[in-house]
Amino acid sequence: MEKGNRANFGSKLGLILATAGSAVGLGNVWRFPYMAGQNGGALFIIVYVVCVLALGIPCIMSEFIIGRHSASNTARAYRKLAGKTPFGLVGYLGVLTGLLVNGYYAVVSGWCFEYIYASAAGQLNGDPQFFADFFNTFEKDPVKPIFWAVTFLIVTHLIIIRGVKDGIEKASKMMMPALFVLLIVLVVASCMLPNAWAGVEYLFKPDFSKVTKELFLGALGQAFFSLSIGMGCLCTFASYFSKETNLTSSAMQIGIIDTVIAILGGLIIFPAAFSVGVSPDSGPSLIFITLPNVFQEAFGGIPVVEYLVALSFYILLSLAALTSLISIHEVSTAFVEEEFNVSRNRSATIVTAVSMVIAVLCSLSLSDLDIICLGGKSLFDWLDSITSQILLPLGGFFTCLFLGWYVPKKIVKDQYTNWGTMPGKYFGVYMFCMKFLCPICILLVFLHQFGVI
Ligand code: PHE
């Protein structure tokens, strides 16, 4: 891309849908509902919303400010502002995290494709043991998961090479509304089941006996992952924002969309699970073992409905995963393109190829071949925990310190107020969050993960 001719999002709606697409992902469907159910229902949701408002949105803002100010890829964006200080490394950390996440997120995304195929082919029928065996056999197969992960990366690649406006924005404008419609259809179907109300109550009824340290730290960690904070996705997207984009309201809209979709995810899972008396778990086993069984039991009376529900659910998941994967891919693509001065096509190809290698290794580490495992943990699990427990919080933590304490206040304020053309309402509150509240809270979550507190 030529200097001064940097890509931009074409419309405000496109920008919001693309950025919200990054945030809305597997984290909304497989983790949020479970965390809410386990941690006091409505209470968790309230704490989560407070975390999103007080910590998540200010952190989104910071990445927006850094990205739009420098109008370049994440590494250069931090470097431009950091000069020779070590803060310049935070951008590189984001790019590295992005590349690693890209590889393993593609594996889980590929599983969603297999389940679209399996539900379309009517293969998802059997007793609970059947569903567990189906998933375990598939996961341990040395070829199938690789095939689907590679297919998923090729789809992502084909969108990325079309560029920001014609690729990412256009795809998000089609996929996000489709995702929302599917979500609503599934919520309605699930809430109409007998005894569905028990699931709704479980999710929304506050249970004060569950107020624990876990509740607060869990909500915060989930908010950061779900909002895609800490690895340069938001910073890269913001580098394509225009001077007129209102950063505060965009950050708020993205926080709200992501939270609403997470709650709707809960309204699919809990009513259906309670209606058949199954207790929901989290992670891959929830969406690939428990839920197909729940859908079969809950909707099995009318086979066409069961078929459509399962199919819609896996299409929904694939759309959510795809919009997130696009944003993760874009972090590295923009980096390679601008730092090594190659065409977008070539940089996307390099990133796709590297991601494929990581995805293949991750898949193989889960397979029967029992290779690429270290300390009893597969490469897949290593990448998952290193990125979400260490690299993402570190990225978020240093970004707050960078903006709060290092970047000249004038630059921050200019971005915040669109060069003085908008009232800088709550700027003081925002700076307080960046200087103190956010770094302290991220540090607490970080220490908690390692059992220090
Ligand atoms: N926010 C995404 C989700 O909820 C995951 C993600 C994390 C995407 C970090 C991009 C960057 O699944």
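The values are calculated or read from the model by the stated rules, or taken from the named source; none is laboratory data. Since the structure is predicted, the reported quantities are computational estimates derived from the model, not experimental observations. Here the Cβ positions follow ideal geometry from the backbone for every residue, glycine too, while neighbour counts run over all protein chains shown. For accessibility, only protein heavy atoms count, side chains too; no ligands or nucleic acids. Shrake-Rupley method; radii C 1.70, N 1.55, O 1.52, S 1.80 Å.
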Can you tell me which residue among Ile350, Ile315, Ile371, Ile390 is of a type outside the set (Asp, Glu) and not in a helix (DSSP H, G or I)? Ile371
If you take just the helices (runs of 4 or more DSSP H) that sit entirely in region 60-174, which of them hold at least 2 residues that are surrounded by fewer than 22 Cβ atoms within 10 Å (Cβ to Cβ) and touching a Pro at 6+ places or on another chain (Cβ under 8 Å)? 128-140
Regarding region 21-36, can at least one residue be identified that is open to solvent by less than 10 Å² (accessible area, probe 1.4 Å), under 28 Å from Met431 (Cα atoms), more than 14 Å from the ligand (Cβ to nearest atom) and not polar (S, T, N, Q)? no
Region 184-213 residues that are under 21 Å from Gly40 (Cα atoms), paired with ones that are open to solvent by 90 Å² or more (accessible area, probe 1.4 Å) and aliphatic (A, V, I, L, M) (beta carbon under 8 Å, 6 or more apart): Pro206/Ile46
Could you pull out every one of the helices (runs of 4 or more DSSP H) wholly within region 402-453 that has 1 or more residues that are out of contact with any Phe, Trp or Tyr (no Cβ under 7 Å at 6 or more places or on another chain) and farther than 16 Å from Ile66 by Cβ? 427-432, 438-449
Regarding Phe113, is this residue within 23 Å of the chain's Cα centre (by Cα) and more than 15 Å from the ligand (Cβ to nearest atom)? yes
Residue list for region 291-303, filter: β-branched (Val, Ile, Thr) and open to solvent by 20 Å² or more (accessible area, probe 1.4 Å): Ile302
Got a number for residues in region 258-279 being assigned to a helix (DSSP H, G or I) and away from the ligand (no atom under 16 Å from the Cβ)? 7
Within region 37-59, count every residue that is open to solvent by 10 Å² or more (accessible area, probe 1.4 Å) and over 19 Å from Ile254 (Cβ atoms). 6
When you go through (1) part of a loop (DSSP other than H, G, I, E, B); (2) acidic (Asp, Glu); (3) surrounded by 15 or more Cβ atoms within 10 Å (Cβ to Cβ) one by one for Glu244, which number turns out not to apply? (3)
Could you please let me know if Gly41 is at pLDDT 95 or above and not acidic (Asp, Glu)? no
Of all residues being touching a residue at least 40 places away in the same chain (Cβ under 8 Å), over 20 Å from the mean Cα position of the chain (by Cα) and closer than 22 Å to Trp148 by Cα in region 342-362, which is least open to solvent (accessible area, probe 1.4 Å)? Just the residue, please. Ala348
Under 6 Å by Cβ, and 6 or more places apart or on different chains, what pairs join a residue from region 427-453 that is open to solvent by 30 Å² or more (accessible area, probe 1.4 Å) with one that is of a type in the set (Gly, Ala, Ser)? Lys435/Gly404
Identify all residues within region 329-338 that are within 16 Å of the ligand (Cβ to nearest atom) and open to solvent by 10 Å² or more (accessible area, probe 1.4 Å); write none if there are none. Phe335
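Results for (1) outside any loop (DSSP other than H, G, I, E, B); (2) within 16 Å of the ligand (Cβ to nearest atom); (3) more than 30 Å from Leu392 (Cα to Cα); (4) touching a helix residue (DSSP H, G or I) at 6+ places or on another chain (Cβ under 6 Å), shown as yes or no for each residue.
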residue	(1), (2), (3), (4)
Leu186	yes, no, yes, yes
Ser190	yes, no, yes, yes
Ala198	yes, no, yes, yes
Leu217	yes, no, no, yes
Leu220	yes, yes, no, yes
Ala223	yes, yes, no, yes
Gly230	no, yes, no, yes
Cys235	yes, yes, no, yes
Single unsatisfied condition, Asn341 versus (1) assigned to a helix (DSSP H, G or I); (2) more than 16 Å from the ligand (Cβ to nearest atom); (3) not charged (D, E, K, R): (1)
Residue pairs, Cβ under 8 Å, 6 or more apart or interchain, first in region 302-323 and over 12 Å from Phe152 (Cβ atoms) and of a type in the set (D, E, K, R), second away from the ligand (no atom under 16 Å from the Cβ) and not in a helix (DSSP H, G or I). List them. Glu306/Gly300
Return only the number of the condition from (1) within 19 Å of the chain's Cα centre (by Cα); (2) assigned to a helix (DSSP H, G or I) that Ser282 does not satisfy. (2)
